[in-house]
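Enquirer: My questions will all concern the structure given below.
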Amino acid sequence: MLGAVAALGVFNTVALDAHERRRDLAMLKSIGMTPRQVVTMMVTAMAALGVLGGLAGIGLGVLAHRQVMLLAASASQIDMPESLLRTWNAPLLALLALAGLVIAVAGAYLPARLVAELTIAEALHSE
């Protein structure tokens, strides 16, 4: 469910970005950029943001987990074993980073494809 919400957030961001950049994209298409290149450009930009957001989210999530666990242990006046604080392993973190990339690409593809299929005249006519 969280993945779907994140993908819809990316979809919304790319749709707004594409709408704001219609004129620029039409100019790129007028000098020879193909629809496939437009899609690749927009999806790549969102993929880079997805990777950066995923890495930042993983780092903050691991730190937040540690702090919340320590606060919960302190509030309940128990000793927290170190094994409960080290629950994240490298393959899981890599999978989470990959999920950020997949969500960004999935959310960016459809709006990028729709904008790439516009003709130059349609894109410039809406200005």
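Enquirer: So, counting K/R as plus one and D/E as minus one, what does the shell of residues with Cβ under 11 Å around Val43 add up to? Walk me through the numbers on the way to the answer.
Expert: Working: positive: Arg36, Arg113; negative: none.
So the environment of Val43 carries a net charge of +2.
Enquirer: Next up: What's the long-distance tail for segment 1-101, i.e. % of Cα pairs beyond 20 Å?
Expert: 57
Enquirer: What percent do you get for the relative contact order of the chain when only Cα pairs under 8 Å and 6+ apart count?
Expert: Numbers: 99 pairs, mean separation 67.9, N = 127.
After rounding, I find 53 percent.
Enquirer: Given the -39500 (n - 2.57) contribution per DSSP H run of 4+ residues, what per-residue ellipticity at 222 nm results for the chain, rounded to the nearest 500 deg cm²/dmol? Show your work: numbers first, answer last.
Expert: On the way: 6 runs with 106 residues, N = 127.
Rounded to the nearest 500, it is -28000 deg cm²/dmol.
Enquirer: In addition: Mind telling me which of Glu82, Glu20, Glu117 comes out most flexible in a GNM of the chain, alpha-carbon contacts under 10 Å?
Expert: Glu82
Enquirer: Now for a separate question. Given the options Thr40, Thr87, Thr13, state which has the largest fluctuation in a GNM of the chain using a 10 Å cut-off (strictly under) for Cα springs.
Expert: Thr87
Enquirer: Once you've got the GNM for the chain with C-alpha springs shorter than 10 Å, pick whichever of Ala73, Ala112, Ala64 has the biggest mean-square fluctuation.
Expert: Evaluated over the chain, the most mobile residue of the options is Ala73.
Each reported figure results from applying straightforward, stated rules to the coordinates on display, with no laboratory input. Only a predicted model underlies this, so the values are computations on that prediction, with no experimental measurement involved. Heads up, the Cβs are rebuilt from the backbone with ideal geometry, glycines too, and the neighbour counts pull from every protein chain shown.
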